[in-house]
1. Can you compute 3J(HN,Hα) from phi for each residue in the stretch 28-35, using the Karplus curve 6.51 cos²θ - 1.76 cosθ + 1.60 with θ = phi - 60°, rounded to whole Hz and x for Gly and Pro?
2. Compare the peptides 28-37, 44-53 by average per-residue count of other Cβ atoms within 10 angstrom and give them in order, highest first.
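Just so it is clear, none of the values below were taken in a lab; they were calculated from the coordinates. Not measured: the values here are computed from a predicted model. Cβ atoms come from the backbone with ideal geometry, glycine included; neighbour counts cover every protein chain shown.
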Amino acid sequence: MWCQVAGKQYFSRGLDSVVSGSSGWTTLETPFLLAAGQTVEKVILNIVVNGKGTVWVDDVTLFRESLQ
């Protein structure tokens, strides 16, 4: 996931959210930590497929969660 903050691009990887083979619908999360006062201007979801296959994406949701 790419996030634009103050005109600069940063990324976060969901390395613990790996899917392989055939499976049903799965909920996956990719965290991105912001410092106090930072605002995300743009988010780009990037999916990497190693090899052949089809990935279906539905209901992408962004949410904010406190670390405290």
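1. Whole-Hz 3J(HN,Hα) from phi for the stretch 28-35: 10, 10, 10, x, 9, 8, 10, 7.
2. Peptide ranking by packing, descending: 28-37, 44-53.
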